[in-house]
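Visitor: This is the structure I want to talk about, given as structure tokens.
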Amino acid sequence: SAFVRQTIRDLSSPAFHGRGLAFGGDSIAADYLEKKLQELGALPFDGKYSQHYKFNGFAMEGGISVRLGNNELKQNVDYQFATYSKSVKSRRLRVIEIHPAMLNNEHQMKAFCHAKKNILKSSFVYIEGALDANKYDKTPLKNINRIHNENVLGCRGYILGCDKFPTMSVSGNTFVRDYSVIYIKDSLMKNTFDNTTFPRNKNSLGSSMDITFNNRFFEHTARNVAGY
């Protein structure tokens, strides 16, 4: 049991970077496991413990910061990035709020994009209750799902309001986007809007934010590790 507990401590330690793509964490874990198999006397298949394969992926490396008003938000507590989000380094980033129902009306959505075209290019769009938009109507959810694959409003990025974060997935990491998607707790966004001098009207100019993170896209070589 001491060996098992130590192995778990090692694999879950900060030195392994979550065993993910960032900072080569998965390779560090694979090297560790190969060494353990050798120490235990396990035999390799065809002289190798590794089976290599490739896929496209993103990795966020370096400092990450999201400030809303005067508050520094906590990652994976207050907010979460979609794994494919484009890097951002911006202070006083403008945020525009829209009602999710607008995504249900193609004519209204096109008119909004045309009227706000120049502003949208440099702004983030906040959609309150985005993950619950299908509560009474399935169509808004369909259009919100489009956001994961295309920049439907032509903006710099999207803030999808939610009460609970979606399950993290690498399934959407096959191509580069030209925008970012951030999930933020609706309660935080509402409080900020309520405290600004801007009127809290739908489709209005809202609060500003500070967002900094670096995300890179690359073809990654990973490996399964096995012995017998």
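Visitor: Counting only residues that are polar (S, T, N, Q) and surrounded by 18 or more Cβ atoms within 10 Å (Cβ to Cβ), which one in region 174-228 is modelled with the lowest pLDDT?
Guide: If we take residues in region 174-228 being polar (S, T, N, Q) and surrounded by 18 or more Cβ atoms within 10 Å (Cβ to Cβ), then 207 is modelled with the lowest pLDDT.
Visitor: Out of curiosity, is residue 9 outside any loop (DSSP other than H, G, I, E, B) and without any contact (Cβ under 8 Å) to a residue 12 or more places away in the chain? I'd like the intermediate steps shown before the answer.
Guide: Values: outside any loop (DSSP other than H, G, I, E, B): yes; without any contact (Cβ under 8 Å) to a residue 12 or more places away in the chain: yes.
Answer is yes for this residue.
Visitor: Here is a follow-up. Is it the case that some residue within region 76-91 is in a loop (DSSP other than H, G, I, E, B) and acidic (Asp, Glu)? Steps first, please.
Guide: At the first step, the residues of region 76-91 found to be in a loop (DSSP other than H, G, I, E, B) are 76-78, 82-87.
Filter again for acidic (Asp, Glu), leaving 78.
Yes: region 76-91 contains one or more residues that are in a loop (DSSP other than H, G, I, E, B) and acidic (Asp, Glu).
Visitor: Scan region 47-55 and give yes if some residue there is free of Cβ contacts under 8 Å to residues at least 60 places away in the same chain, over 23 Å from the mean Cα position of the chain (by Cα) and either outside any helix (DSSP H, G or I) or within 23 Å of residue 145 (Cα to Cα) (or both), otherwise no.
Guide: Initial filter on region 47-55 (free of Cβ contacts under 8 Å to residues at least 60 places away in the same chain): 47-48.
Now narrow it down to the ones that are over 23 Å from the mean Cα position of the chain (by Cα): 47-48.
From the residues that got through so far, the ones that are either outside any helix (DSSP H, G or I) or within 23 Å of residue 145 (Cα to Cα) (or both) too are 47-48.
Yes, that holds for at least one residue.
Visitor: Okay, moving on. Mind listing whichever residues of region 48-100 are of a type in the set (A, V, I, L, M, F, W, C), under 20 Å from residue 190 (Cα atoms) and open to solvent by less than 50 Å² (accessible area, probe 1.4 Å)?
Guide: Residues of region 48-100 of a type in the set (A, V, I, L, M, F, W, C): 55, 58-60, 64, 66, 68, 73, 77, 81-82, 88, 93, 95-96, 98.
From what's left, under 20 Å from residue 190 (Cα atoms): 66, 68, 73, 77, 81, 93, 95-96, 98.
Those that are of a type in the set (A, V, I, L, M, F, W, C), under 20 Å from residue 190 (Cα atoms) and open to solvent by less than 50 Å² (accessible area, probe 1.4 Å): 66, 68, 73, 81, 93, 95, 96, 98.
Visitor: To continue, here is another question. Taking region 106-133, which residues are assigned to a helix (DSSP H, G or I), within 25 Å of the chain's Cα centre (by Cα) and buried (at least 16 other Cβ atoms within 10 Å of the Cβ)?
Guide: Within region 106-133, 109, 120, 130, 131, 132 qualify.
Visitor: Go through (1) touching a helix residue (DSSP H, G or I) at 6+ places or on another chain (Cβ under 8 Å); (2) surrounded by 15 or more Cβ atoms within 10 Å (Cβ to Cβ); (3) at pLDDT below 90; (4) not in a helix (DSSP H, G or I) one by one and return the number of the condition residue 103 breaks.
Guide: (4)
Visitor: How many residues are surrounded by 16 or more Cβ atoms within 10 Å (Cβ to Cβ) and assigned to a helix (DSSP H, G or I) when one looks only at region 142-170?
Guide: Matching residues across region 142-170 total 2.
Visitor: Which one of these is of a type in the set (Val, Ile, Thr) and at pLDDT below 95: 28, 64?
Guide: Working: 28 fails: at pLDDT below 95.
The unique qualifying residue is 64.
Visitor: Can residue 30 be described as part of a strand (DSSP E or B) and closer than 30 Å to residue 4 by Cα? First the steps, then the outcome.
Guide: On the way: part of a strand (DSSP E or B): no; closer than 30 Å to residue 4 by Cα: yes.
In short, no.
The values are calculated or read from the model by the stated rules, or taken from the named source; none is laboratory data. Fair warning: this is a prediction, and the values are worked out from it, not measured in the lab. So basically every Cβ, Gly included, is an ideal-geometry build from the backbone, and we count neighbours across all protein chains shown. Calculation scope for accessible area: heavy atoms of the full protein, side chains included, ligands and nucleic acids excluded. Shrake-Rupley method; radii C 1.70, N 1.55, O 1.52, S 1.80 Å.
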